[in-house]
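The values are calculated or read from the model by the stated rules, or taken from the named source; none is laboratory data. Bear in mind that the values here come from a model prediction, so they are computed numbers and not experimental data. A quick note on method: Cβ atoms are made from the backbone with ideal geometry, for glycine too, and the neighbour counts reach across all protein chains shown. Remember, those area values only see protein heavy atoms, side chains included, never the ligands or the DNA or RNA. Shrake-Rupley method; radii C 1.70, N 1.55, O 1.52, S 1.80 Å.
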Amino acid sequence: MARIGCYPARRNDYGGLDPRLTGAIAGAPGRGGGVGEDVAEYGRSPGAGGRGTGRPGPAVLPASLRVWLGLIAALAALVVLVLGVTYADDGEPGAVDARTWAVVDGAGPPWRHVALVTDFLGEPVGAVLLVTAVVTGCLLLRHPRAAVFVVTGAGLTVGTTALLKPIVGRTIHGEGNLSYPSGHTAFLTAIALMVSLLAAGRLGLGRAAGTAFVFAAGLVAGAAMGWAQVALGSHYATDTLGGWCTALAVLPVTAWLVDRTADRLTGRATAGRPTDEPARRRADVGRRADAGRQECR
């Protein structure tokens with residue numbers, strides 16, 4: 001009769017091994033787990049919540065938000081294109097710009113101070129301070145991928161607006177003052193989108209709640225900076241709309257690229273590591289099996 005460990009391998013009525021005896025392989029209570037338990041742990045998929053994924057942190061673009069934010073990015077890019085073609089080489093406000101300017105222009109001292117403070121966040125010094133603060137928060141939370149995302153996202157957003165301005169050629173207050181799209185509005189919107197994306201992933205928000213949360217954060221930040229730019233006479237309203245849409249178009253793509261690059265680099269690093277840990281596990285399993293056989297003698 002075949003044996004399993006110290007027990008005779010009885011067979012059931014169907015010719016298979018008795019499950020009560022084969023269960024001994026899985027480990028007995030008080031022994032800290034048996035052979036089967038070790039094999040199950042060794043074969044666990046790294047993506048099933050166990051260690052060994054090699055991932056430096058959670059994704060900056062949650063999987064549940066990719067489709068909706070991708071659609072928003074596509075629509076935003078279309079708006080940027082349409083506005084750019086409409087106001088190319090123009091130096092005068094459009095009908096929407098004139099009406100908006102009539103409403104927000106001439107803000108009193110209290111509101112003008114608020115506008116100046118908001119505008120400072122988009123200036124070089126204010127932007128560096130804001131990015132540094134967000135990056136520091138990411139590092140304190142041990143999320144280096146998010147820190148890379150913040151620096152990359154802010155840089156690509158501002159870089160895109162700087163690239164589009166001479167292409168569109170729209171000016172304000174005379175030649176040389178390129179205005180479309182608004183870099184200030186794009187930058188603050190980008191910061192709000194990145195912070196809200198990271199918060200949505202950390203809070204585990206679903207598709208609808210997460211998308212609404214991220215979009216609302218970007219809308220509030222874009223509206224605040226857009227108002228400040230128009231109130232200070234630095235941009236037309238359509239310039240700020242173009243800047244807001246630029247951030248909406250750039251950030252989801254940037255997040256996807258950061259995740260993809262980080263996963264690829266992590267995969268290469270993991271593939272190049274020696275397999276000492278699996279070999280050690282297999283050796284431990286073998287030693288336990290040998291010890292069990294010695295106990296039966």
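Rounded to two decimals, the Cα-based Rg/Rh of the stretch 54-163, with Kirkwood Rh, is 1.06. When all alpha carbon pairs of the stretch 104-241 are counted in 10 Å bins from zero, the resulting P(r) reads 12, 38, 34, 14, 2 %.
Extension gain residue 219-residue 78, at 0.36 nm per residue separation less the Cα-Cα distance, in nm?
Details: separation 141, 0.36 × 141 = 50.76 nm, distance 1.75 nm.
Additional length available on full extension: 49.0 nm.
Please sort 202-213, 230-241 by packing, taking for each peptide the average over its residues of neighbouring beta carbons within 10 angstrom, highest first. Could you put the intermediate results ahead of the total?
Values: 202-213: 14.8, 230-241: 23.3.
With the highest mean Cβ count within 10 Å placed first, the list reads 230-241, 202-213.
3J(HN,Hα) along the stretch 110-124, derived from phi through the Karplus expression 6.51 cos²θ - 1.76 cosθ + 1.60 where θ = phi - 60°, amounts to x, 6, 5, 5, 4, 5, 5, 5, 5, 4, 4, 5, x, 6, x Hz, with x in place of Gly and Pro.
Roughly to the nearest percent, how much of the accessible area of the stretch 170-214 is carbon and sulfur, given a 1.4 Å probe?
Looking at the stretch 170-214 in its full context, I get 62 percent from C and S.
Of the listed peptides 248-258, 160-170, what is their order by residue-averaged count of other C-beta atoms within 10 Å, with the highest listed first? Mind dumping the intermediate values first?
Numbers: 248-258: 23.5, 160-170: 17.7.
Descending packing order for the listed peptides: 248-258, 160-170.
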